[in-house]
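Peer 1: Take this structure, written in structure tokens, and hold onto it; I'll ask about it next.
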Amino acid sequence: DEQIAELFDKLKTRYGVLHGLVHSVAFAPTEELKGEFVNTSREGFRIAHDISVYSLIAVSRGAAPLMTEGGGIVTLTYYGAEKVVPKYNVMGVAKAALEATVRYLANDLGPKGIRVNAISAGPIKTLAARGISQLGEMLKAHAERAPLKRNVDPAEVGNAAVFLLSEGGSAITGETLYVDCGYNIMGF
């Protein structure tokens, strides 16, 4: 909390006004991403939700006073928020909470002209994703089933964030935008 307050104090001093914020923080202890979800520990659950969900609330609270001209907040989520993804476990539940948090923040901050949205990207080979067992199989299955027959590129996720933070996204809030090559529309 002290680091967040310090960050926004520095931003206020240096820039005065903030127009956009990207929240891309998520974490669960490695042992919580193995085995069965039913074996999730209380501490693992707490850590995953504190870091992956509460942090969005905390940084939004810090950013809002600097968004005097309105603005946008974007966070990153994943399909495991709404469908079971084996071995994603507590992170799926945390991402579901994150998506609900987006809606509640959108309602609270909307009167101030601040939009809050999420991007649900398909699987991407990132440092964090390497902690998910069977990532290679997940990437292969995703590319085979997605209508575009490929995996999403990180630059495409970045482009979507730029759109949501720009005037182009000025009437969009409380939404989850899928940037997953169409994977989420498929039934099987």
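Peer 1: What do you get for trypsin sites (Lys or Arg not before Pro) in region 1-74 restricted to DSSP loop and a cutoff of at most 15 other Cβ within 10 Å of the site's Cβ?
Peer 2: Details: sites: K10, K12, R14, K34, R42, R46, R61; in loops: K34.
The qualifying sites are K34.
Peer 1: Using alpha carbons only, what's the Rg to Rh ratio of region 1-40 with Rh from Kirkwood? Kindly include the intermediate steps, with their values, before the conclusion.
Peer 2: Details: Rg = 17.3 Å, Rh = 13.4 Å.
That ratio is 1.29, to two decimals.
Peer 1: Nearest 500 deg cm²/dmol is fine: what mean residue ellipticity at 222 nm does the chain get from its DSSP H runs of n ≥ 4 alone, each adding -39,500 (n - 2.57), divided by its residue count? Provide the component values of the computation, followed by the final result.
Peer 2: Values: 6 runs with 73 residues, N = 188.
My calculation for the chain gives -12000 deg cm²/dmol from helical runs alone.
Peer 1: Output the Cα-based Rg and Dmax of region 1-109 in Å, rounding Rg to one decimal and Dmax to a whole number.
Peer 2: 15.6, 48
Peer 1: Next up: Once both axes come from the Cα atoms, what is the angle between helix 90-109 and the longest principal axis of the chain, in degrees from 0 to 90, rounded to 10?
Peer 2: Roughly 30 degrees between the two axes.
Peer 1: Report the rotationally averaged projected area of the chain based on its alpha-carbon convex hull, in square nanometres.
Peer 2: If I average the Cα hull's projected area over directions, I get 11.1 nm².
Peer 1: Can you tell me the dipole magnitude for region 54-172 around its Cα centre, using point charges on the Cβ only (Lys, Arg +1; Asp, Glu -1), in Debye to the nearest 20?
Peer 2: Details: 13 positive and 9 negative charges, 74 e Å.
In debye, rounded to 20, region 54-172 gives about 360.
Peer 1: Further question: Work out the charge dipole of region 32-188 with +1 on the Cβ of Lys and Arg and -1 on the Cβ of Asp and Glu about the Cα centre, then indicate which of N117, I172, I51 is farthest towards its positive end.
Peer 2: Looking along the dipole axis, the top candidate is I51.
Peer 1: For region 36-89, report the convex hull volume of the alpha-carbon atoms normalised per residue, in Å³, without decimals. Kindly include the intermediate steps, with their values, before the conclusion.
Peer 2: Details: hull volume 4.2 nm³, N = 54.
Output value, Cα hull per residue: 78 Å³.
Rule-based calculations on the coordinates, nothing more; no lab input. Model, not experiment: these values are computed from the prediction. Please note: Cβ atoms are built from the backbone with ideal geometry, for glycine as well, and neighbour counts cover all protein chains shown.
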